[in-house]
Structure formats: C-alpha cells, structure tokens
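*Asks:* This structure is in structure tokens; I'll ask about it shortly.
Taken together, the values in this text are just the output of simple stated rules run on the coordinates, not laboratory data. Remember, it's a predicted structure, so these values are computed and weren't measured experimentally. Glycine also receives a Cβ, built like all others from the backbone with ideal geometry; neighbour counts cover every protein chain displayed.
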Amino acid sequence: MIERRVPTDATWRKSSYSATQNECVEVAITSTAIGVRDTKDRTGGTLVFDNTTWSTFLTHLTTPNS
C-alpha cells in the first residue's frame with residue numbers, strides 16, 4: 001500500500017450548489033493527490049486518491065452506462 005497525504009496547506013473546495021449547506025463533501029486537488037472529506041466532520045478522516053484513480057472515477061461518473 002502506498003500512503004498518500006493531502007498537504008496541510010491544500011485548498012479545499014465544495015460544490016457551489018451546496019454553498020449554504022454542510023451536507024456535502026469537499027475536494028482538495030494537488031499535484032500528487034486528491035483528497036475528499038466530509039464537510040460536517042473535517043477532522044474525521046480523508047480519502048486520498050492518486051491522479052489516475054481520480055480521473056477514472058470522474059470518467060465513470062460522467063459516462064452514461066459505464
């Protein structure tokens with residue numbers, strides 16, 4: 001297993017559709033990793049993906065019947 005971390009100075013973003021709510025996730029994209037965390041529990045843990053895995057995930061989200 002390769003351990004990846006999101007740098008502490010990473011910029012976290014959430015969807016503009018949920019600007020007034022905390023029922024979403026936040027994403028931080030860096031040159032080496034993509035982090036995903038729960039807006040309601042920012043210190044509760046972070047899922048970290050490498051760039052290839054994240055790109056594959058997004059492709060499956062945006063490709064019908066994939």
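*Asks:* Quick one: order Asp9, Asp50 by neighbouring beta-carbon count within 10 Å, fewest to most.
*Replies:* Ordered by Cβ neighbours within 10 Å, fewest first: Asp9, Asp50.
*Asks:* Okay, next question. Counting only other residues whose beta carbon sits under 15 Å from that of Asp41, what net charge do I get with K and R as +1, D and E as -1?
*Replies:* After counting each charged neighbour, the total is +1.
*Asks:* So for the pair Thr43, Ser55, with labels modelled 7 Å out along Cα→Cβ, what separation do we get in nm?
*Replies:* 3.6
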